[in-house]
1. Looking at Lys43, Lys3, which one is over 21 Å from Asp114 (Cα atoms), away from the ligand (no atom under 15 Å from the Cβ) and either crowded, with 16+ Cβ neighbours inside 10 Å or among the hydroxyl-bearing types (Ser, Thr, Tyr) (or both)?
2. Pick from the range 244-276 the residues that are closer than 16 Å to Met9 by Cβ and among the aromatic types (Phe, Trp, Tyr): which of them is surrounded by the most Cβ atoms within 10 Å (Cβ to Cβ)?
3. Say whether the condition of being buried (at least 20 other Cβ atoms within 10 Å of the Cβ), within 23 Å of Phe82 (Cα to Cα) and hydroxyl-bearing (Ser, Thr, Tyr) is met by at least one residue in the range 21-36.
4. I want to confirm something. Restricting to the range 221-243 and keeping residues that are among the acidic types (Asp, Glu) and within 19 Å of Pro329 (Cβ to Cβ), which single residue is nearest to the chain's Cα centre (by Cα)?
5. So, in the range 46-65, how many residues would count as being surrounded by fewer than 21 Cβ atoms within 10 Å (Cβ to Cβ) and either touching a residue at least 60 places away in the same chain (Cβ under 8 Å) or within 16 Å of the ligand (Cβ to nearest atom) (or both)?
6. Would you mind finding the one in Glu349, Glu285 that is closer than 27 Å to Lys35 by Cα and of a type in the set (Asp, Glu)?
7. Any residue at all in the range 196-210 that is out of contact with any Asp or Glu (no Cβ under 8 Å at 6 or more places or on another chain), assigned by TED's automatic domain parsing to the domain that holds Arg245 and of a type in the set (Phe, Trp, Tyr)?
Amino acid sequence: MRKVTFPHMGHSCIPFKMLMEELGNEVIMPPVPTKKTLDLGVKYSPEFVCLPYKIVLGTYLEAIELGADTLIAVDSYGPCRFGHYSHLHQSILQDMGHEAEVICFGYPKRNYLDFIRKLHRVTTAKTPLTSIYLFYKAFKKSWEKLKALDAMEKLSHQIRPRELKRGDTSKVYRQTQAWLDEAKTYEQIAEAKVAGIKAFKNIAIDPQRQVLKVGLTGEIYVLLEPTSNLEIEETLGYMGVEVERSLYLTGWTQDTLGQSTKEHDTAIEAAKPYLPYKIGGHGRETVGHVVKYARRQFDGVVQVAPFTCTPEIVARTILNKVSNVHDIPVLTFFFDEQTGKAGMTTRLEAFIDLLKRKQQSVITAAAI
Ligand code: SF4
């Protein structure tokens, strides 16, 4: 039996654990990334690579230490560096003397045979056909779990800025994740979701509180992994900001599997006048999402990305114009191992102050 692990990215490891177990593997849960994870990744990575690469390498090393022998990764294609990650990870691990194998899944639509061949290696089924059947069954159930987790996360974004006691929402959110992690059957997933919604509704809030609405967009890993963005969503929530993120794992999975979501398609359409080409990563989507947030009268947008992320750097330069044309303030954070939470919080506070003053001047102008 393989001992598999995978990168830690938001709550994705919860349904992914279920998927891998149901395929017949022992799962070594990737530890939540910490400073130690990042230090490990930084130590063994080429200096120029992006932050997610370093965190993922650190995670692999920690998981190998815990006994993992198979590292599951996903692949991409196109102009950014993501497509080289798994190959580079594999050769660095080999150079370090580790025998763990990286199995990297590309977009199924681009090469079905390759996908099935790799899938068969991580199932206990006897034939590739039974592997596909096993995968279909396991994926369907894990998908329900993922949908429930995304729903919980969206609720946390709405409730946190209105909570009366700081920290209540985060506590409930962590509890709902644990309930969903424990759920093994469809019924248990449904029950955990209902219990989660109830727990969120029981949080004491101030429904009259004036909150700002801010869109959060950018590169997928930094967007979804709280450790890499220094818990920016939670920080904004505590500042009285309702965050709406442009990307959730359910949407990303659908887009990746070729069932383009409305959120994705409308973002591509909105970006067209400014950036009509794919530039890798989520650069084009970032531009489109800012336009969409402006059209929906959001108070502002925060763009997050790893330091040296080329697609997001391109997007950032275009966002100056988007911000002027659509009259929406945009704040950008490029994260690396040197970024500190105190500095980020100070910049966010100044940004929120600016948004509040802008909101106030609109209200005053309307009253005259
Ligand atoms: S999208 Fe950005 S961070 Fe991700 S691999 Fe490409 S360049 Fe690196």
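The values are calculated or read from the model by the stated rules, or taken from the named source; none is laboratory data. Keep in mind the model is a prediction, meaning the values are calculated, not measured. Ideal geometry is used to build each Cβ from the backbone, glycine not excepted, and the neighbour counts take in all protein chains shown.
1. When all the criteria are applied, what remains is Lys3.
2. Of everything passing the filter in the range 244-276, Tyr248 is surrounded by the most Cβ atoms within 10 Å (Cβ to Cβ).
3. No, the conditions are met nowhere in the range 21-36.
4. Glu233
5. 4
6. Residue meeting the stated conditions: Glu349.
7. no
Table: residues versus (1) part of a loop (DSSP other than H, G, I, E, B); (2) more than 25 Å from Pro226 (Cβ to Cβ); (3) at pLDDT below 95; (4) within 16 Å of the ligand (Cβ to nearest atom).
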position	(1), (2), (3), (4)
Ile279	yes, yes, yes, yes
Thr286	no, no, no, yes
Lys292	no, no, no, no
Val304	no, no, no, yes
Thr308	yes, no, yes, yes
Arg316	no, no, no, yes
Thr332	no, no, no, yes
Thr345	no, no, no, no
Phe351	no, no, no, no
